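Quick notes on the structure that follows.
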Amino acid sequence: MKRSTEAEAVEEKAEKAKNVIKVRCRAVLCVMPVLTMLLIPANIFLVNFPGWIMGILCILLCCGLAAYFFYYKTGKAVKIILSVIFAGVSIICSFAPYVIPYWNSYTFKGYSGKIRNYDDMISGEEAADDLKMLKYYLKKLHPMFQKGLTDEVKEVYEQVLKKLERTERITVNDFRKEIQTVLHPIGDAHTTTYNNFPEDRYLSTAPQKICQGYGIRSVNGKTVKQIIEEAKPYYCYETEDWINIDLGSLASLEFYGFSAPFTYEWSRDGDVITESCTEADFVSWEEYLEIREQYFPAGETEGSGNFVFYKIDEEKSLAVLTLTQCIYNQVYIDCVKEMFTQVRQKGIQNVAVDLRGNGGGTSMVGNEFVKYLPADSYADGACDWRWGLFTIHCDAGHIENRQYEDLIFYGNVYVLTDRSSFSSAKDFAMLIQDNHLGQIVGEASANSVNGYGEVVVFHLPNTGLLVQISTKKWYRIDENNPEDYVYPDFPYESGRTMEKLYEVIDTGR
């Protein structure tokens, strides 16, 4: 009898141990899908890793579930639920690296890898590998290449690849030039590489000349117009007015074929001065900023150092909001609110938004501004968003305008633009023009209203070159407007746009 009791105790103990293991296995089984899913935001926001890792984890996930079903008795309902969950997680995680635009990008995280300098030498094999990686990102992300590279881009790509494979050594700058010839035919100003070289140097005398009102007329006998013309095959643009070459950067000068010594011609209202420079006259970015501070001190003028500020001219009944970057944050929100509060208190009849020189950012700045205008809703344009294997089409529609009812402005609205008003700055102007909320003064926008945007940022593995690629194709808000750009209602050259604005206000047009 005693032995029987002992045997039962042993058996009971073994059963309890088995149940404990089963509970632990079930806990691990429940945690595994969650951890696997968490790797997606980890990749987007924290650290890059190869997509095949997700595939292996999904296989292990399914094997773990199968092993659990094999060793432990499980009810039919539980089996179905767990199978559906694990299958769903496996499908999502397996496709994530090939669908999510931001996979392995540096759009939302910093880059800690090595960036080669512009004059560093790399092997032709390294350059070819970086070019192949660029091709992979283009085919995966750009809306133009849903069915693969176009014939024109493919032809240039294959020519450049063959050239690199035959090349023994090449400078990073020359390699970047080859990349730009591949990207140029796309005709997308957002899809390009950038001069992000860590040891680039800048002309130390430039701040003084700019402060005195001088601009570069020529370098080594070539006028700026000639330089821009020769630069076109290596530049990504939608309108030639967007081409802007930094002739004060040593890397940029080398990129466009200039070598020391340099002879600059500076001009100001017909006055021309000549300056001879060597590489010793170029300094690091930190030193350049210190020199620039001597001629353009922070806080010297109203709003300097801030991306958004406003000024009110009571005599002209005009408030001008200057926005140098399209940044949507509390600083912007507070500044706009403060301006419209002053506009209401002072009875101002005209409000202008100065977007000249604004290179873009987020389109939410326009949406925030419209909250102060008398519109219950406003139209928004359609777009196609590339998600790897798929393209998501978003139809045009109307957005409910959550107005600040106590500060609604019923006066005249103007937007000042020039050939440097790009991306979200262009969107701001289009939002106002196509919804008939105001008028545009100045020059046409820098890029097309039917163009590309919503960029994803990468660094090529061997060179560290910064590449950004568009993922969205945008369409004009007003589908009945045939113009491909935001053309001003009152055209005028950028430097004198304020004169034109005052003229418009005075004549009441």
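Structure notes:
- Residue, least open to solvent (accessible area, probe 1.4 Å), within the range 199-225, restricted to residues that are in contact with a Lys or Arg (Cβ under 8 Å, 6 or more places away or on another chain) and among the polar types (S, T, N, Q): Thr223
- Taking the listed residues Ile505, Ile408, the one that is open to solvent by 10 Å² or more (accessible area, probe 1.4 Å) and either at pLDDT 95 or above or of a type in the set (Lys, Arg) (or both) is Ile408, with no other qualifying.
Rundown of residues vs (1) open to solvent by less than 50 Å² (accessible area, probe 1.4 Å); (2) in contact (Cβ under 8 Å) with a residue 24 or more places away in the chain; (3) of a type in the set (Lys, Arg), yes/no style:
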{"position": "Met339", "(1), (2), (3)": "yes, yes, no"}
{"position": "Lys346", "(1), (2), (3)": "no, yes, yes"}
{"position": "Gln349", "(1), (2), (3)": "no, yes, no"}
{"position": "Ala352", "(1), (2), (3)": "yes, yes, no"}
{"position": "Arg356", "(1), (2), (3)": "no, yes, yes"}
{"position": "Thr362", "(1), (2), (3)": "yes, yes, no"}
{"position": "Val365", "(1), (2), (3)": "yes, yes, no"}
{"position": "Pro374", "(1), (2), (3)": "no, yes, no"}
{"position": "Ser377", "(1), (2), (3)": "no, yes, no"}
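- Yes/no for Asp384 being within 21 Å of Lys473 (Cα to Cα) and touching a residue at least 40 places away in the same chain (Cβ under 8 Å): yes
- Residues in the range 454-477 that are open to solvent by less than 40 Å² (accessible area, probe 1.4 Å) and in a loop (DSSP other than H, G, I, E, B): 6 in all.
- Set Ile186, Ile210: member being closer than 29 Å to Glu286 by Cβ and either hydrophobic (A, V, I, L, M, F, W, C) or within 23 Å of the chain's Cα centre (by Cα) (or both): Ile210
- Residues within the range 43-66 that are among the small types (Gly, Ala, Ser) and open to solvent by less than 20 Å² (accessible area, probe 1.4 Å), tallied: 1
- Residue within the range 19-33 that is surrounded by 15 or more Cβ atoms within 10 Å (Cβ to Cβ), within 29 Å of Ile179 (Cα to Cα) and within 41 Å of the chain's Cα centre (by Cα) present: no
- The residue of the range 29-49 that is nearest to Ser112 (Cα to Cα), among those that are in contact (Cβ under 8 Å) with a residue 24 or more places away in the chain and not hydrophobic (A, V, I, L, M, F, W, C), is Asn48.
- Applying the criterion of being touching a helix residue (DSSP H, G or I) at 6+ places or on another chain (Cβ under 7 Å) and open to solvent by less than 10 Å² (accessible area, probe 1.4 Å) to the residues of the range 425-444, the residue that is nearest to Trp242 (Cα to Cα) is Gly442.
- In the range 88-197, counting only strands (runs of 3 or more DSSP E) that sit wholly within it, the ones holding 1 or more residues that are open to solvent by 70 Å² or more (accessible area, probe 1.4 Å) and closer than 24 Å to Cys236 by Cα span 192-194.
- Qualifying residue in the range 392-401 (condition: surrounded by fewer than 23 Cβ atoms within 10 Å (Cβ to Cβ) and among the small types (Gly, Ala, Ser)): yes
- Hits in the range 51-78 - residues which are touching a residue at least 12 places away in the same chain (Cβ under 8 Å) and not in a helix (DSSP H, G or I): Gly51, Tyr72
- Residue match in the range 406-421 (condition: closer than 30 Å to Asp120 by Cβ and within 16 Å of the chain's Cα centre (by Cα)): no
- Hey, Gly451 buried (at least 18 other Cβ atoms within 10 Å of the Cβ), touching a helix residue (DSSP H, G or I) at 6+ places or on another chain (Cβ under 6 Å) and either touching a residue at least 12 places away in the same chain (Cβ under 8 Å) or under 20 Å from Val308 (Cα atoms) (or both) or not: no
- Every listed requirement among (1) without any contact (Cβ under 8 Å) to a residue 24 or more places away in the chain; (2) in contact with a helix residue (DSSP H, G or I) (Cβ under 7 Å, 6 or more places away or on another chain); (3) open to solvent by 50 Å² or more (accessible area, probe 1.4 Å) is met by Ile81 save one, (2).
The values are calculated or read from the model by the stated rules, or taken from the named source; none is laboratory data. It should be emphasised that the depicted structure is a prediction, and the values quoted were computed from it without experimental measurement. Counting neighbours? That spans all protein chains shown, and the Cβs are built from the backbone with ideal geometry, glycine included. With ligands, DNA and RNA removed, areas are computed over all heavy atoms of the protein, side chains included. Shrake-Rupley method; radii C 1.70, N 1.55, O 1.52, S 1.80 Å.
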